[in-house]
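Trainee: The structure is given below, and queries will be raised subsequently.
The values are calculated or read from the model by the stated rules, or taken from the named source; none is laboratory data. This one's a predicted model, so the numbers in the text were calculated from it and none came from an experiment. Methodologically, a virtual Cβ is constructed for each residue, glycine included, from the backbone with ideal geometry; neighbour enumeration extends over all protein chains shown. Only protein heavy atoms, including side chains, enter the accessible area calculation; ligands, DNA and RNA are left aside. Shrake-Rupley method; radii C 1.70, N 1.55, O 1.52, S 1.80 Å.
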Amino acid sequence: MKRVLIATEKPFASFAVEQINEILTKASYEMRKLEKYTSKSELLEAVKDVHAMIVRSDIIDREVIDAAKELQVLVRAGSGFDNLDLAACTERGIVAMNTPGQNSNAVAELAIGMMIFMARGNFKGGSGSELKGKTIGVYGCGNIGRRVARIAQGLGMKVVALDPCITKVSMEPYEVKVVQSVEELFSMSDYLSLHIPNNEKTKKSVNFDLLNKMPKGATVINTARKEVIDEDGLKKMLETRQDFKYISDIAPACHEELNGKFEYRYYSTPKKQGAETSEANVNAGVAAAEQIVDFFENGDQTYRVNK
Ligand code: 3PG
């Protein structure tokens, strides 16, 4: 019998777990759960004899992979997989997958909500500004970026976009202006929504020089990863440009330093909540369970992310 561990420091909604369990039980697999764990040792113990794992942003590093002696497939229920040590998986012959698109609407809606929150003075009263007629730059045009573009168009915003990985053709059905350089994107954007992955190319790539190209009163919305921001550059920008605003769903390491210092201009959610909707929990959790069954029963590796 295949043993499948759901290891989620930030658990799925219970009815999502019930649906995962139904899928696994139907395949005659055993589902195990490790939720809200507070130490790595709990994770190391739980992975020892499982054949498959479903995780969220949980850090699955080499030590965890080494401890998971029987692991064959590891599924990140979500989009970004920078929390998985892919090299360690590959060395062990473990297939690593993600579930692209399954939580993208939840993240896109949060990005739009954050934009409105900043435009309306953090909902603390006083006169704000409207989004209609403003320009939003969508940096990264995957499932989330494209969804943000669509919703922003519905709000009457102009959309400009750039994706370092995909071509202009990919955005054509969205009727957005695709720019050719990141400098151009930032210089045109009253609002800039980040949807790039965290990797060697993007780490700290959003720096002071880039931010400083943004027009007066600009806002950056980060529902991607904190690592893509150069935090020294962010601090310098908030200090030198009194008109600049930054809102994030992933607190930067310097959060304590920024929090309270730049009232109305800096905000971070207490805990990453982009994918925290019941719909996204079900979509991503169910997709992960189905992918595991499909992998074991049919050898399917469609969403594999390691080589
Ligand atoms: C993702 O990459 O899918 C999102 O950042 C959501 O992450 P989470 O599952 O940790 O909420």
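Trainee: Pairs needed: first member in segment 45-61, among the hydroxyl-bearing types (Ser, Thr, Tyr); second member anywhere, at pLDDT 95 or above; C-beta distance under 6 Å; at least 6 residues apart or different chains.
Mentor: The qualifying pairs are Ser57/Asn83.
Trainee: Hey, any hits in segment 101-118 for a residue that's buried (at least 22 other Cβ atoms within 10 Å of the Cβ), within 19 Å of Leu44 (Cα to Cα) and of a type in the set (Gly, Ala, Ser)?
Mentor: Checked against the condition, which is being buried (at least 22 other Cβ atoms within 10 Å of the Cβ), within 19 Å of Leu44 (Cα to Cα) and of a type in the set (Gly, Ala, Ser), segment 101-118 yields no hits at all.
Trainee: Continuing with this model, one more query. Which one is least open to solvent (accessible area, probe 1.4 Å), of the residues in segment 32-48 that are assigned to a loop (DSSP other than H, G, I, E, B) and closer than 18 Å to Ala88 by Cα?
Mentor: If we take residues in segment 32-48 being assigned to a loop (DSSP other than H, G, I, E, B) and closer than 18 Å to Ala88 by Cα, then Val47 is least open to solvent (accessible area, probe 1.4 Å).
Trainee: Just checking, how many residues over segment 279-307 are open to solvent by less than 70 Å² (accessible area, probe 1.4 Å), within 19 Å of Ser104 (Cβ to Cβ) and of a type in the set (Val, Ile, Thr)?
Mentor: 3
Trainee: While we're here: Ala68 versus (1) without any contact (Cβ under 8 Å) to a residue 60 or more places away in the chain; (2) in contact with a helix residue (DSSP H, G or I) (Cβ under 8 Å, 6 or more places away or on another chain): which is the lone unmet condition?
Mentor: (2)
Trainee: Also, quick follow-up: Mind counting the residues in segment 254-306 that are within 13 Å of the ligand (Cβ to nearest atom) and in a loop (DSSP other than H, G, I, E, B)?
Mentor: Result for segment 254-306: 10.
Listed here are the residues, each with its yes/no results for (1) within 9 Å of the ligand (Cβ to nearest atom); (2) surrounded by fewer than 20 Cβ atoms within 10 Å (Cβ to Cβ).
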| position | (1), (2) |
| --- | --- |
| Val50 | no, no |
| Ile59 | no, yes |
| Ser79 | yes, no |
| Arg92 | no, yes |
| Met97 | no, no |
